[in-house]
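The values are calculated or read from the model by the stated rules, or taken from the named source; none is laboratory data. The shown structure was predicted, so the numbers you read here are calculated from the model rather than taken from an experiment. Reconstructed Cβ throughout: ideal geometry from the backbone, glycine too, with neighbour counts over all protein chains shown. Calculation scope for accessible area: heavy atoms of the full protein, side chains included, ligands and nucleic acids excluded. Shrake-Rupley method; radii C 1.70, N 1.55, O 1.52, S 1.80 Å.
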Amino acid sequence: MQKVILDCDPGHDDAIAIMLAAGNPAIELLGITTVAGNQTLEKVTRNALSVCAAAGIRVPVAKGADRPLVAPQMVAEDIHGDTGLDGPVLPEPQFALDPRHAVDFIIDTVMAHEPNTVNLVPVGPLTNIALAMRKEPRIVERVRSVVLMGGAHTRGNVTPHAEFNIAVDPEAADVVFRADWDVTMVGLDLTHQALATPELQDRVRAIGGPVSEFVLGVWGFVGDAYRRQYEFDSPPVHDACCVAALIDPAVFTTAKADVRVELHGEWTKGATVVNFQDVPGMHHSNGSAERQTDFRANVALTLDWDRFADQIVDAVARLTAGL
Ligand code: PIR
Ligand code: CA
């Protein structure tokens, strides 16, 4: 059983990540924290509570940072709509927020559990995680792993090189990637393989009931948006990939890399610069005076789509049975 704090900005794929984390018996979901990203903090926080209501999930939900550390705020209305989760009927929240700020929730939870047991799963901008690290630096050695959705090594989705979660708060991402902890970068190169294909949608439809209907509403809206904006046939379920890997590490392959966040590039701000360990001749490169090349990050490469799809279907079925 893996203990997870899911830090998110729901968000269509965030909603599926919440359901997978709550619906799989290998995950103990300790709480959900929210951060401004796909939409404003107020909207994504309400959406987190609505997802819980739709799927019968009851875990602490704590509201976090309402803007990036340094960068001006940016939302993804073109993909996620005015509410941040347009498409499905969004039910009224069934319980109140945790009274703590997300940063305090993260710190309290990590410090209250045994060392090396709590996994952080940030699937939005990394603002809350960076703030938590600064407020309580001991979380860095105490967490088991950080499995984050963000970055890319071939192509971005907001600029040619930058992925949204990193581009929204590059300074926070820089703090997270520099820290000495076990980080897995689940970037676009991986998540663009995690498509909610017609086959997957049919399997979810076959389950029937309100959770299935909610998930199909999510994929219907974001599927149209992805067809329009990116000419994809099916929408990627980005954020759920991070949860999937904690359920079953065999769901994707990884390679060791030195990951840096571009903070100053005129055309590349918010890009992840990924130096793979197995690139010949690059091992001893050291362009930076601040740090030796350090292949501390795991970068996700190839998805086992069948395993991933099975996990999604299984979680929807379990949540449906639990209602
Ligand atoms: C997806 C996202 C933001 C913008 C676009 N165009 C697409 C969100 C997803 O929730 C995911 O976490 C990440 N950011 C993918 O870039
Ligand atoms: Ca997200």
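The one condition from (1) over 16 Å from the mean Cα position of the chain (by Cα); (2) open to solvent by 30 Å² or more (accessible area, probe 1.4 Å); (3) of a type in the set (D, E, K, R) that residue 189 does not meet is (1). Among the residues of segment 152-168, the one identified as in contact with a helix residue (DSSP H, G or I) (Cβ under 7 Å, 6 or more places away or on another chain), of a type in the set (A, V, I, L, M, F, W, C) and over 14 Å from residue 265 (Cβ atoms) is 152.
Conditions (1) within 16 Å of ligand 2 (Cβ to nearest atom); (2) on the phi > 0 side of the Ramachandran plot; (3) open to solvent by 10 Å² or more (accessible area, probe 1.4 Å); (4) charged (D, E, K, R), marked per residue:
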residue: 155; (1), (2), (3), (4): no, no, yes, yes
residue: 159; (1), (2), (3), (4): no, no, yes, no
residue: 204; (1), (2), (3), (4): no, no, no, no
residue: 207; (1), (2), (3), (4): no, no, yes, no
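Among the conditions (1) in contact with a helix residue (DSSP H, G or I) (Cβ under 6 Å, 6 or more places away or on another chain); (2) closer than 22 Å to residue 238 by Cβ; (3) open to solvent by less than 60 Å² (accessible area, probe 1.4 Å), residue 103 misses just one, which is (2). Here is the figure for segment 119-132: residues that are open to solvent by less than 10 Å² (accessible area, probe 1.4 Å) and away from ligand 1 (no atom under 15 Å from the Cβ) total 3.
When segment 179-192 is filtered for residues that are in contact with an Asp or Glu (Cβ under 9 Å, 6 or more places away or on another chain) and either away from ligand 1 (no atom under 13 Å from the Cβ) or among the β-branched types (Val, Ile, Thr) (or both), the ones remaining, listed by number, are 180, 181, 186, 191. Number of residues in segment 225-274 that are aromatic (Phe, Trp, Tyr), within 19 Å of residue 171 (Cβ to Cβ) and within 16 Å of ligand 1 (Cβ to nearest atom) equals 0. Candidates 49, 85, 69: the one that is aliphatic (A, V, I, L, M) and touching a strand residue (DSSP E or B) at 6+ places or on another chain (Cβ under 8 Å) is 49. Scanning segment 169-196 for residues that are within 13 Å of ligand 2 (Cβ to nearest atom), out of contact with any helix residue (DSSP H, G or I) (no Cβ under 8 Å at 6 or more places or on another chain) and in a helix (DSSP H, G or I) turns up just one, 188.
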